[in-house]
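These notes concern the structure reproduced below.
The values are calculated or read from the model by the stated rules, or taken from the named source; none is laboratory data. In this text, all values refer to a predicted model and were calculated from it rather than measured experimentally. Glycine also receives a Cβ, built like all others from the backbone with ideal geometry; neighbour counts cover every protein chain displayed.
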Amino acid sequence: MDGEGVKTLERIIDQSMFIDVEGLKFGRDANGNIKPIFYEPRPDKIGLHTLTGFADYIKANVDKLELKNHIIVVENPGEVSLYSTLNGKDRDRDLIAVATPDQGLQSYHFGKYQEVEEFIISLNSLFEESKDRERVINYVSRVTGGTGFTLADDGVTQIAEVTKGISGAITQKESAPKIVALKPYRTFRDVEQPASDFLLRLKLFKPEENIVGVCLYEADGGRWRNTAVQTIKEFLNKELGELEVAIIA
């Protein structure tokens with residue numbers, strides 16, 4: 001199309017919102033630029049909440065997808081997507097299915113102090129079983145087992161002194177585990193949860209009542225996220241290895 005044709009096209013579009021030229025529809029965008037308008041129906045994505053369901057959908061292939069023309073992307077520890085390859089005049093990808101963990105599932109709130117009993121319940125219900133999980137539970141259970149509690153803290157190591165028994169005649173001192181390796185639920189429940197390091201801290205909520213608070217802080221710089229992504233990829237490779245679909249993580 002020559003310059004005069006473009007001017008004519010602009011004049012016509014100024015007078016109307018859209019125009020067809022050689023089978024293509026043109027219109028102005030929000031910035032006033034003339035651009036072709038493409039319309040190609042896009043499928044609604046399927047939402048799933050487990051990796052098993054995500055893999056089952058792909059294996060069943062009820063939508064008759066050409067899987068060799070699709071890509072699975074492990075976006076992060078809590079999201080996996082199935083995309084088509086580039087298609088259409090816009091060269092877009094279709095988002096076919098997305099798996100994310102159920103938002104109703106509970107997870108541990110790091111950096112928040114809890115009373116000992118509540119903390120132990122959290123460890124038992126929101127962490128996978130591990131040697132250090134039992135070690136932490138045993139420690140905090142003993143810390144709260146007396147009638148008096150004092151805490152020596154140099155910023156690195158905490159030493160709890162607990163007065164045992166009603167008479168207060170026996171005193172026991174114990175150093176808190178500094179760094180512990182735990183497996184909190186932070187990704188899909190279908191896979192083993194990645195272990196990472198945590199800093200265990202204690203403090204008195206109410207000194208006059210000797211109520212002890214316990215807290216965990218993440219201490220691995222977020223490396224667990226890479227481990228989780230690779231674990232998800234390995235799970236999908238095992239489930240879908242016989243199919244012609246690329247898995248990117």
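Per the conditions (1) under 30 Å from GLU128 (Cβ atoms); (2) free of Cβ contacts under 8 Å to residues at least 12 places away in the same chain, the sole criterion not satisfied by LYS64 is (1). Within region 154-168, the presence of a residue that is surrounded by 17 or more Cβ atoms within 10 Å (Cβ to Cβ), at pLDDT 85 or above and within 17 Å of GLY111 (Cβ to Cβ) is excluded. Do we have any residue at all in region 100-120 that's surrounded by fewer than 12 Cβ atoms within 10 Å (Cβ to Cβ), on the phi > 0 side of the Ramachandran plot and modelled with pLDDT of 90 or more? Yes, that holds for at least one residue.
If we scan region 225-235, do we find a residue that is over 21 Å from GLU79 (Cβ atoms), at pLDDT 90 or above and surrounded by fewer than 18 Cβ atoms within 10 Å (Cβ to Cβ)? For region 225-235, residues over 21 Å from GLU79 (Cβ atoms), at pLDDT 90 or above and surrounded by fewer than 18 Cβ atoms within 10 Å (Cβ to Cβ): absent. Out of curiosity, is ILE72 modelled with pLDDT of 70 or more, surrounded by 10 or more Cβ atoms within 10 Å (Cβ to Cβ) and touching a strand residue (DSSP E or B) at 6+ places or on another chain (Cβ under 7 Å)? Here the answer is yes, as ILE72 does meet what is asked. Evaluated against (1) loosely packed, with under 14 Cβ neighbours inside 10 Å; (2) at pLDDT 95 or above; (3) part of a strand (DSSP E or B), LYS173 falls short on exactly one condition, (2).
Tallying residues that are of a type in the set (A, V, I, L, M, F, W, C), surrounded by fewer than 21 Cβ atoms within 10 Å (Cβ to Cβ) and at pLDDT 95 or above within region 183-200 yields 2.
Conditions (1) under 21 Å from the mean Cα position of the chain (by Cα); (2) of a type in the set (Val, Ile, Thr), marked per residue:
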| site | (1), (2) |
| --- | --- |
| ALA195 | yes, no |
| PHE198 | yes, no |
| ARG201 | no, no |
| VAL214 | no, yes |
| GLY222 | yes, no |
| ASN226 | yes, no |
| VAL229 | yes, yes |
| GLY241 | no, no |
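Residues that are of a type outside the set (Asp, Glu), in contact with a strand residue (DSSP E or B) (Cβ under 6 Å, 6 or more places away or on another chain), touching a residue at least 12 places away in the same chain (Cβ under 8 Å) and under 24 Å from LEU105 (Cα atoms) occur at least once in region 234-242.
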